[in-house]
Amino acid sequence: MASIVDLSPVFIDFEASALHDGFPIEVGWAYFDGKSVRSEGHLIRPGPDWDLQGNWDETAEALHRISREHLLANGEPVFMVANRMNEMLAGKEVFADSPFDGQWMDQLFEAAGADPSFTMRTMLAPALVDQLSLAMGLYDSEIQKITKTVHQLYPHTHRAADDARQWAELWHALKQSAGHI
């Protein structure tokens with residue numbers, strides 16, 4: 001079994017129509033492929049059973065800046081997004097930074113009538129990064145400096161691909177600092 005230091009995790013993030021009771025409207029993922037961090041994101045057109053009017057929260061929209069109009073005009077059908085996720089993430093372990101992301105993923109795949117070809121881990125991204133830092137023997141001051149630099153280069157934008165990329169870049173930077181890449 002591979003140790004936590006040897007893993008090449010995929011970080012995933014969802015944006016939703018509402019902060020708690022809503023549906024996924026964007027998904028993004030990012031991972032280090034051995035050469036660089038790769039990321040991808042997709043707007044998700046609401047599934048036919050999703051109540052766009054009743055489950056739209058203006059507070060959530062203010063965070064992610066995705067309007068209903070933009071989503072309807074540019075979102076991809078749920079089955080296309082689920083298929084792309086399965087194509088790109090098959091066999092991989094996926095880590096999110098929020099427990100809600102598992103709920104959004106389940107909604108997406110249920111609406112698409114598909115099962116994920118990857119494993120969504122229950123361990124959240126922050127805990128995974130903490131484990132890596134401990135396993136590599138990094139000091140708190142090193143971790144804080146690396147985290148600050150990554151957050152400056154890749155700020156948290158509340159857009160799925162950007163936020164997933166921030167986690168993957170942090171993972172890569174921590175491994176690089178310890179000489180493991």
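Out of Ser98, Ser67, Ser36, report the one residue that is surrounded by fewer than 17 Cβ atoms within 10 Å (Cβ to Cβ), within 14 Å of Met120 (Cα to Cα) and either touching a helix residue (DSSP H, G or I) at 6+ places or on another chain (Cβ under 9 Å) or among the basic types (Lys, Arg) (or both).
Details: Ser67 fails: within 14 Å of Met120 (Cα to Cα); Ser36 fails: within 14 Å of Met120 (Cα to Cα).
Matching residue, one of Ser98, Ser67, Ser36: Ser98.
Tell me yes or no: at least one residue of segment 115-127 is among the acidic types (Asp, Glu) and in contact (Cβ under 8 Å) with a residue 40 or more places away in the chain. Show your work before the answer.
First, the residues of segment 115-127 that are among the acidic types (Asp, Glu): 115.
Adding the requirement that they be in contact (Cβ under 8 Å) with a residue 40 or more places away in the chain leaves none.
No, every residue in segment 115-127 fails to be among the acidic types (Asp, Glu) and in contact (Cβ under 8 Å) with a residue 40 or more places away in the chain.
Residues of segment 110-141 being surrounded by 18 or more Cβ atoms within 10 Å (Cβ to Cβ) and part of a helix (DSSP H, G or I), which ones?
Ala111, Ala112, Ala125, Leu128, Val129, Leu132, Ser133
No value in this document is a laboratory result; all are computed from the given coordinates. These figures come from a predicted structure and were not determined experimentally. Note: ideal-geometry Cβ built from the backbone for every residue, glycine included; neighbour counts use all protein chains shown.
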